[in-house]
Amino acid sequence: FCTLLALWCRMATPEQLADPRAHIVEVDGVKYAVPTLYDYRRYREMARPDPERGWAVAFDDKKARIRVHTRMAQAGEPGAGLIMALVTAEYPDVPVESLWACLQDNDYRLVWDKNQMEGHLVATLDQRCVLWYYACKFPVVANRDFVSQSSSVEFTNGDRMTVSQAITHPSEPQKPPFVRGESVMTINYIERLDPKSEMGCKLSYLSHCDLKGSIPRFLLNRATASLLPGVMKSLGDTARKYAAYAEATHGPGYTPPWRTREMDWGATDDAIAAMRREEEEAKLAAAMGKKVGDAVTTLVADEDGHDAEAARALHAASAAGRLEAIVRDAMAFADAWFVEQRVVPTREAYLVFVRSAIRSTMARAPSR
């Protein structure tokens, strides 16, 4: 059964592999399945070195609190013949948020990742999931680049997780002389060492990567297990320096743009679906509110003579008249927006949009 399942997984499309409740997003004619809580629970299990799944200890430094487990991807699995490495590293003196920031702060990555040649956003699927391009230097052999779907999620118990898998996108074809590598599966799973304290964390790092090109697989497999302990030590040192970097670079009161609403590991499907709807509605409402506000601001500016009739229509003789005009415009824009998005909103969603548009308009319109 397991062999048949593995073979099906190898042939299945990303949409088939995802939880059937997954949110499918189409970008430039390509459909991508955004992971659900169901998927993140599965990734959490994948980041645990269960001996029954074939993981064996390849390196163990008790003093540094770093352990490397490896197993060979079997026939029928993605990346068959390549070593999969699962590293666990404990950092008693590193806060969860500092380690998380090292993985999320792209500006800081330019400081510590000396191999990065280029990194840029390709597309945004939702608040937690993006398509990303990354190019890096390699010694001796040709440099590599990667195009991945990367998801980042935060949980109410303090856990943090990133997941990356190779994808294709029409705007990112292969770019010689780079060799296009493939991230079969990369997981970074951060947990608190003490559930009651934010100081001290554990990182579980799963690496299953095919660098492609002419590198012999036995050399790649040997390097995978031998280099990772040094990478984990370096990452710990980098995380310890983040607080000083953030204070000097970002200043007090900085709100990291990578922070998202936290999920609950035990949430029901309905709760997660409701949270997704709220986030999408808030995003669209903000965009629509800005659109309405820009239009109203233009009309107000036109009162100086460019379009006096439209301005007079907007600014009725009474406050009630002005408010009525604003509400009508907000509803008109809401109707147009939902038609454009091909979405049939619920009554609550429609009112959220209109209310947001009215507030944005009132804030933007100059007083008379």
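Taking amide H as placed 1.01 Å from N in the peptide plane, Met117 has its amide H under 5 Å from the amide H of Ala135, Cys136, Lys137, each at least 5 places away in sequence or on another chain.
For a Förster distance of 22 Å, can you work out the FRET efficiency between the beta-carbons of Lys212 and Asn106, rounded to the nearest 0.05? Taking R0 as 22 Å, the efficiency between Lys212 and Asn106 is 0.35.
Mean silhouette area of region 14-249, derived from the convex hull of its C-alpha atoms and averaged over all directions, reads 13.7 nm². Largest accessible area first, the listed residues Arg222, Arg44 line up as Arg222, Arg44 when surface is computed with a 1.4 Å probe on the assembled protein chains.
Across region 71-77, coupling constants 3J(HN,Hα) worked out from phi with the 6.51/-1.76/1.60 Karplus curve, θ = phi - 60°, read 7, 8, 5, 8, 4, x, 8 Hz, and Gly and Pro carry x. Across all directions, the average flat footprint of the convex hull enclosing the Cα atoms of region 235-285 is 5.8 nm².
Amide H contacts under 5 Å for Val122: Leu131, Trp132, Tyr133, restricted to partners 5 or more places along the chain or on a different chain, H placed in the peptide plane at 1.01 Å from N.
Backbone amide hydrogens, once placed in the peptide plane, bring Arg180 within less than 5 Å of Asp145, excluding anything fewer than 5 places away on its chain. Distance between the modelled labels on Ala332 and Glu280, one decimal in nanometres: 2.8 nm (7 Å Cα→Cβ projection).
Find the centroid of the Cα atoms in region 39-83 and in region 122-187, then give the distance between the two in whole Å. Cα centroid of region 39-83 versus Cα centroid of region 122-187: 20 Å apart. 3J(HN,Hα) along region 226-237, derived from phi through the Karplus expression 6.51 cos²θ - 1.76 cosθ + 1.60 where θ = phi - 60°, amounts to 7, 8, 5, x, x, 5, 5, 5, 5, 5, x, 4 Hz, with x in place of Gly and Pro.
Of the trypsin sites (Lys or Arg not before Pro) found in region 113-153, those in coil by DSSP whose Cβ has at most 15 other Cβ atoms within 10 Å are Lys114, Lys137.
The values are calculated or read from the model by the stated rules, or taken from the named source; none is laboratory data. The shown structure was predicted, so the numbers you read here are calculated from the model rather than taken from an experiment. Positions of Cβ are generated from backbone atoms using ideal geometry, with glycine treated the same way; all protein chains shown enter the neighbour counts. The area values use the complete protein model at the heavy-atom level, side chains included, leaving out ligands, DNA and RNA. Shrake-Rupley method; radii C 1.70, N 1.55, O 1.52, S 1.80 Å.
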